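**Student:** Structure below; questions to follow.
Since every read-out is calculated from the coordinates, none of them should be taken as a lab result. Quick caveat, the model's predicted, so the values are computed rather than measured. Ideal geometry is used to build each Cβ from the backbone, glycine not excepted, and the neighbour counts take in all protein chains shown.
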Amino acid sequence: MRGPARTSALLAAAVLAGGCAAMLLFALAGLASDWSKGSAGESQVAALFGNLSLGPEGYGAMLGLIVLMAAVTAGTSRLTVRRTLKAME
């Protein structure tokens, strides 16, 4: 892959990696919340951040947004690179 296709693929991969990292952090926060149930600090953490656990619908929505952001980022990047290269000719 060269040019716009490579740039688009790299940006899409970065968006996917960032989205997967966010999903992992939400899962870890939910596990930490479950582990601290009944402790003295649990009510204070719940007051600050609310309920940190997501259901299957939440993870599905996050996955949909990740795919949508990757597609929009890749398309926008490809369009920008092509227009820039065309202007340089």
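**Student:** In nm, give the distance between the simple-model label positions of residue 25 and residue 87, each being 7 Å from the Cα along the Cα-to-Cβ direction.
**Tutor:** Result for the modelled spin labels: 3.3 nm.
**Student:** Now, a different point. Okay, which of segment 14-33 sit inside 15 Å, backbone N to the point 7 Å along the Cα-Cβ direction of residue 51?
**Tutor:** Hits in segment 14-33 for residue 51 at 15 Å: 30-31, 33.
**Student:** Now for a different question. For segment 1-69, state which trypsin sites (Lys or Arg not before Pro) are in a DSSP loop and have at most 13 other beta carbons lying within 10 Å of their beta carbon. Show your work: numbers first, answer last.
**Tutor:** Details: sites: 2, 6, 37; in loops: 2, 37.
Passing both the DSSP loop test and the Cβ count: 2, 37.
**Student:** Among 48, 88, 72, which residue has its Cα furthest toward the positive end of the charge dipole of the chain, with +1 on Lys/Arg Cβ and -1 on Asp/Glu Cβ?
**Tutor:** It is 88, whose Cα lies furthest towards the positive end.
**Student:** Here is a further query. With a point put 7 Å past each Cα toward its Cβ, work out how far residue 6 is from residue 76 in nm, to one decimal.
**Tutor:** 2.3 nm
**Student:** Let me ask something else about it. Mind jotting down the three principal axis lengths of the chain based on Cα atoms? Whole angstrom, largest first.
**Tutor:** Extents along the principal axes: 66, 21, 18 Å.
**Student:** Sum -39500 (n - 2.57) across every DSSP H segment of at least 4 residues in the chain, then divide by the residue count to get the 222 nm mean residue ellipticity, nearest 500.
**Tutor:** Details: 3 runs with 73 residues, N = 89.
Computed mean residue ellipticity for the chain: -29000 deg cm²/dmol.
**Student:** Can you give the FRET efficiency to the nearest 0.05 for residue 42 and residue 68, using r as the Cβ-Cβ distance and R₀ = 41 Å? All intermediate terms of the calculation are to be shown ahead of the outcome.
**Tutor:** On the way: r = 35 Å, r/R0 = 0.84.
Efficiency, from the Cβ-Cβ distance: 0.75.
**Student:** What size of dipole, in debye to the nearest 20, comes out for the chain about its Cα centre when the only charges are +1 on Lys and Arg C-beta atoms and -1 on Asp and Glu C-beta atoms?
**Tutor:** Values: 7 positive and 4 negative charges, 144 e Å.
The calculated dipole for the chain is roughly 700 debye.
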